[in-house]
Amino acid sequence: MFSLGSITFVGDFDNFGAGTVAEDLRKTPPQRILVVMTRRLGDVLLVTPLIRSIKQAWPCAGLDVLVFEGTEGFLLGNPDISRLITVPQRPGWRRQLGLVARLLRRYDLAVSALPSDRAVLYAWLAGRRRIALLDRGPRWKQSLLSAWAPFDNMATHTVRMNLRLAELLGIAPVSEVVVGWKADDEAGLLQKLPDDWFSMPYAVLHVYPKFPYKMWRASGWSALAQWLAYQGIRVALTGSAAPDELAYVESVCRMLPASALNLAGQLSLAENACLVNRSRLYVGPDTALTHMAAALGVPTVALYGPSNPVKWSPWPKDFAPDRNPFEMHGAQRVGNVMLVQGEGSCAPCFEEGCERHVNSFSDCLQRLPPQAVIAAAQLMLESPAHRRI
């Protein structure tokens, strides 16, 4: 019997092939390893603890990672990775055949951190031994794998869920979410900042999530920035170069103090990491940059509405993998992360906005008062869990 969060499975774990795979790998350590994470940017970042666990277990092995094109940014400076392989989300048959040729039985071990058909097939193609997270069915996917672990999409944090694969391999789990960059990234950031930027404390505000249903209202960001300015803390706004995002961030910036710096569309992910790493405070919604800030140990205020905080909360720096960081309901602080949940008894509803599609808004977040976010920011500034630069 073993547990995933609050869910207990009864049976012999060896039925999933764990004992055999772990024993085989102890006898013959893998020399080439592939990790498959073909999903969104935040998912790619949250698989880095598993990658680090594998690399520390077999430091001499070459470790490649397969991701969707456009999601590799967080991995570019990761010292655990030998090579990044990217594939379009909808590849044509020529690209698909080319990828098959690159993968086919090239690896001693292939690990899929997703239960999707496509990810499991990539692992099957690539690895002489292959393991994955799986839903209980269908049987055909089980037959492609040397071992598998049951996937829990509700009651287990994503970091802990991924680390079930470390257990499957018989290696020690490492829960560190890895954010890396190079000296060139720091130099690039400095060229884009005012000369005196680091002479005063600053906060980073990420005001635009990928989907509107995770969005807080613009007037709330304005009130927060005004309060920060009164505390002697300037603000920098981050964002991607997507046209809708640039337009929204610019509209918010016009509502902020004159000292606010709009960096949307100007920074790479690595440069964003350098910027956030030196900040006094980060505030953002359920988005990849919020996970990054938490991983860096920056005092982080995370604004959550319909999202499941048990599974998708930011992983606080130095948090042990023996339990989930956050519970389902309420404002909560764990380490360097303060999670502020949207108002209403329906939160979290796990839906994509009140109209049930990604472009709708969530009332729980739209009604979230600035005072609640300001109180959280004040708490994190007065008692940060990690002392920043």
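The values are calculated or read from the model by the stated rules, or taken from the named source; none is laboratory data. Every value quoted in this text rests on a predicted model; they were computed, and no experiment measured them. Counting neighbours? That spans all protein chains shown, and the Cβs are built from the backbone with ideal geometry, glycine included.
Please enumerate the residues belonging to the stretch 88-113 that are surrounded by fewer than 24 Cβ atoms within 10 Å (Cβ to Cβ) and hydrophobic (A, V, I, L, M, F, W, C). Lay out the reasoning, then the answer.
Going through the stretch 88-113, the residues surrounded by fewer than 24 Cβ atoms within 10 Å (Cβ to Cβ) turn out to be 88-106, 108.
Passing the criteria: 93, 97, 99, 100, 101, 103, 104.
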With the condition kept exactly as written, say whether any residue in the stretch 327-340 is of a type in the set (A, V, I, L, M), under 16 Å from residue 216 (Cβ atoms) and assigned to a helix (DSSP H, G or I).
no
For the stretch 104-113 the number of residues that are more than 21 Å from residue 29 (Cβ to Cβ) and in contact (Cβ under 8 Å) with a residue 60 or more places away in the chain is 0
List pairs: first residue in the stretch 311-323 and within 11 Å of residue 337 (Cβ to Cβ), second residue hydrophobic (A, V, I, L, M, F, W, C) and surrounded by fewer than 20 Cβ atoms within 10 Å (Cβ to Cβ) anywhere in the structure, Cβ distance under 6 angstrom, at least six positions apart or on different chains.
316/334
Six or more apart or on different chains, Cβ atoms under 6 Å: show the pairs whose first residue is in the stretch 352-374 and surrounded by fewer than 19 Cβ atoms within 10 Å (Cβ to Cβ) and whose second is in a loop (DSSP other than H, G, I, E, B) and of a type in the set (Phe, Trp, Tyr).
358/211
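Please pick out the residue among 340, 298, 334 that is within 21 Å of residue 212 (Cβ to Cβ) and in the same structural domain as residue 200 (by TED's automatic domain parsing).
On the way: 298 fails: within 21 Å of residue 212 (Cβ to Cβ); 334 fails: within 21 Å of residue 212 (Cβ to Cβ).
One residue alone meets the criteria, 340.
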So which strands (runs of 3 or more DSSP E) are wholly in the stretch 114-223 and hold at least 3 residues that are buried (at least 16 other Cβ atoms within 10 Å of the Cβ), in contact (Cβ under 8 Å) with a residue 12 or more places away in the chain and under 18 Å from the mean Cα position of the chain (by Cα)?
202-206
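So is residue 255 surrounded by fewer than 21 Cβ atoms within 10 Å (Cβ to Cβ), assigned by TED's automatic domain parsing to the domain that holds residue 214, of a type in the set (A, V, I, L, M, F, W, C) and more than 15 Å from residue 202 (Cβ to Cβ) or not?
On the way: surrounded by fewer than 21 Cβ atoms within 10 Å (Cβ to Cβ): yes; assigned by TED's automatic domain parsing to the domain that holds residue 214: yes; of a type in the set (A, V, I, L, M, F, W, C): yes; more than 15 Å from residue 202 (Cβ to Cβ): yes.
Yes: the conditions hold for residue 255.
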